[in-house]
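Reading through the structure tokens given below for one structure.
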Amino acid sequence: MTLAREKAVFSWAGYDDEAPPPVVEARDLARDYPFGAERVHALRGVTFAITEGEYIAIAGPSGCGKSTLLNLIGVIDHPTRGEVCIRGQNVGGMRDREATAFRLRNIGFVFQRFYLMPTLSARENVELPMAEAGIARVERAARARELLSYVGLEARERHRPAQLSGGEQQRVAIARALANRPAILLADEPTGELDAKTGAEIIGLFGRLNADGTTVIVVTHDEDLASSAHRKIHMRDGVIVPG
């Protein structure tokens, strides 16, 4: 891709070359999957950039490539071609151990179904990624309490997931995602399992997180959540399309 063409594509995707360096940058990103004798083209050449502190919603119909794109940004999957860079580092070719270490330090994940450990308390769930990162017990306990207070659950730190409502479980999951102070918070349909009132509370929390400086990228069908973001990336059939 020529420099002029690259700038034109990045400008169309919301990138300003006068802006700070992007925290996430994708160039001609593609992902194919085998399906019997055929190949499914989940992504077909995606180029965009996201600067630090942005709040981005990736929107589009089911099967358009949204979650595939999020998995590539989150270093869970590898591109078939193209590059995805996080803070200037090309992460697409990382081996499993390197990718795991990178995710632990740089990326927080929030999922639709929470994925909390059922036998652990809220505080212990938040401490897990810090334990994996080798943070001392006293420090991780203090950080977990700080984060649970931030999401409004300081009184529930000893409760196990089964003792919490869906909204409370998602708040614990958000606190856990922030445990190691990641550069980016990725959320895949974070309001999908919640009723409208609870979903609105979680939307408000994402807005607060972003206002406090967290770079937030959400994949969602929720129009209210998508509308709360500063910028939308619209996808269809594996490509970015005008909104």
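Couple of notes before you dig in:
- Residue within the stretch 143-156 that is touching a strand residue (DSSP E or B) at 6+ places or on another chain (Cβ under 7 Å), within 20 Å of VAL216 (Cα to Cα) and of a type outside the set (Val, Ile, Thr) present: no
- Taking the criterion of being among the β-branched types (Val, Ile, Thr) and either over 17 Å from ARG181 (Cα atoms) or out of contact with any Asp or Glu (no Cβ under 9 Å at 6 or more places or on another chain) (or both), the residues of the stretch 110-150 that qualify are THR119, VAL138.
- Residues considered: MET117, MET94. Of these, the only one that is modelled with pLDDT under 95, among the aliphatic types (A, V, I, L, M), surrounded by fewer than 20 Cβ atoms within 10 Å (Cβ to Cβ) and in contact with a helix residue (DSSP H, G or I) (Cβ under 8 Å, 6 or more places away or on another chain) is MET94.
- Members of the stretch 196-230 that are exposed (fewer than 14 other Cβ atoms within 10 Å of the Cβ) and not in a helix (DSSP H, G or I): ASP212, GLY213, HIS230
- Selection status of ILE58, in contact with a Pro (Cβ under 7 Å, 6 or more places away or on another chain), among the aliphatic types (A, V, I, L, M) and closer than 30 Å to ASP212 by Cα: no
- Enumeration of residues in the stretch 160-212 that are under 25 Å from ALA49 (Cβ atoms) and without any contact (Cβ under 8 Å) to a residue 60 or more places away in the chain: ARG181, ILE203, ARG208, LEU209, ALA211, ASP212
- In the condition set (1) touching an Asp or Glu at 6+ places or on another chain (Cβ under 8 Å); (2) crowded, with 21+ Cβ neighbours inside 10 Å; (3) closer than 28 Å to VAL219 by Cβ, GLU189 is compliant with all but (2).
- Helices (runs of 4 or more DSSP H) (entirely within the stretch 49-167) containing at least 2 residues that are more than 18 Å from the chain's Cα centre (by Cα) and over 25 Å from ILE203 (Cβ atoms): 96-106, 122-132, 137-150
- Taking first residues from the stretch 215-243 that are over 13 Å from PHE48 (Cβ atoms) and partners that are in a loop (DSSP other than H, G, I, E, B) and among the small types (Gly, Ala, Ser), the Cβ contacts under 6 Å between residues at least 6 apart in sequence or on separate chains come to THR215/GLY53; ARG236/GLY60; GLY238/GLY65.
- Condition met for VAL9 (of a type outside the set (Ser, Thr, Tyr), farther than 21 Å from HIS221 by Cβ and either within 18 Å of the chain's Cα centre (by Cα) or modelled with pLDDT of 95 or more (or both)): no
- Members of the stretch 136-157 found to be among the basic types (Lys, Arg) and either over 21 Å from ARG208 (Cα atoms) or in contact with a Ser or Thr (Cβ under 8 Å, 6 or more places away or on another chain) (or both), listed by number: ARG137, ARG140
- Residue that is modelled with the lowest pLDDT [pool: residues in the stretch 168-187 that are outside any helix (DSSP H, G or I) and of a type in the set (A, V, I, L, M, F, W, C)]: ALA183
The values are calculated or read from the model by the stated rules, or taken from the named source; none is laboratory data. What you see is a predicted model, and the numbers here were worked out from it, not measured in a lab. All Cβ positions, even for glycine, are placed from backbone atoms using ideal geometry, and neighbour counts span all protein chains on display.
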